[in-house]
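Visitor: My questions will all concern the structure given below.
Please treat every number below as a calculation from the coordinates, not as lab data. This one's a predicted model, so the numbers in the text were calculated from it and none came from an experiment. Don't worry about glycine lacking a Cβ; one is built from the backbone with ideal geometry, like all the others, and counts go over all protein chains shown.
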Amino acid sequence: MTDYSIAGIVESEGESFTVSGVTRSYNARGDPTEQYTAYYLSGIVQVTDGSETEVTEGILDREDIIVFVDKNEDNANLIKNDDYISISTTTSGVFRIISVIRNPGHYEILAKRVQET
């Protein structure tokens, strides 16, 4: 299978952002505790305008984001659902990752806005 690296596009058109990795643990009563570990990534951020399939199918809303990250980017292998992306360039806010699609050579991340900044 051919890898489709997007490293060149990310280098010329991408931006950096912070990801807060979430780890949950539960006590004996089932009460959750969350711990956050911040790491940095670079990628192409697309703000949804309502015309995307993900919006028309109800997966995302307008103003949510789709992020493309090269698989060889440092920390790219750490991306997982329920982590948070903090971004301030293309758009501004905190977004919760709802889906990580592992394509050949890159990741496609769908994230919903949880806070405007």
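Visitor: Quick one: in the range 65-117, of everything that is among the basic types (Lys, Arg) and in a loop (DSSP other than H, G, I, E, B), which residue is surrounded by the fewest Cβ atoms within 10 Å (Cβ to Cβ)?
Guide: Ranking the qualifying residues of the range 65-117, first place goes to 80.
Visitor: Considering only residues that are part of a strand (DSSP E or B), of a type in the set (A, V, I, L, M) and more than 15 Å from residue 77 (Cα to Cα), which ones fall in the range 1-47?
Guide: 44, 45, 47 - these are the residues of the range 1-47 that are part of a strand (DSSP E or B), of a type in the set (A, V, I, L, M) and more than 15 Å from residue 77 (Cα to Cα).
Visitor: Pairs under 6 Å by beta carbon, first residue in contact (Cβ under 8 Å) with a residue 24 or more places away in the chain and farther than 20 Å from residue 52 by Cα in the range 65-92, partner surrounded by 15 or more Cβ atoms within 10 Å (Cβ to Cβ) and among the charged types (D, E, K, R), six or more apart or different chains?
Guide: Pairs that qualify, where the first residue is in contact (Cβ under 8 Å) with a residue 24 or more places away in the chain and farther than 20 Å from residue 52 by Cα and the partner is surrounded by 15 or more Cβ atoms within 10 Å (Cβ to Cβ) and among the charged types (D, E, K, R), are 84/96; 89/15.
Visitor: Give the residues of the range 1-46 that are closer than 21 Å to residue 89 by Cβ and exposed (fewer than 10 other Cβ atoms within 10 Å of the Cβ), sorted by residue number.
Guide: Across the range 1-46, the qualifying residue is only 12.
Visitor: Further question on the same structure: Filter the range 17-55 down to the residues that are of a type in the set (S, T, N, Q) and touching a residue at least 60 places away in the same chain (Cβ under 8 Å), then identify the one that is nearest to residue 106 (Cα to Cα).
Guide: Filtering the range 17-55 for residues that are of a type in the set (S, T, N, Q) and touching a residue at least 60 places away in the same chain (Cβ under 8 Å), the one nearest to residue 106 (Cα to Cα) comes out as 18.
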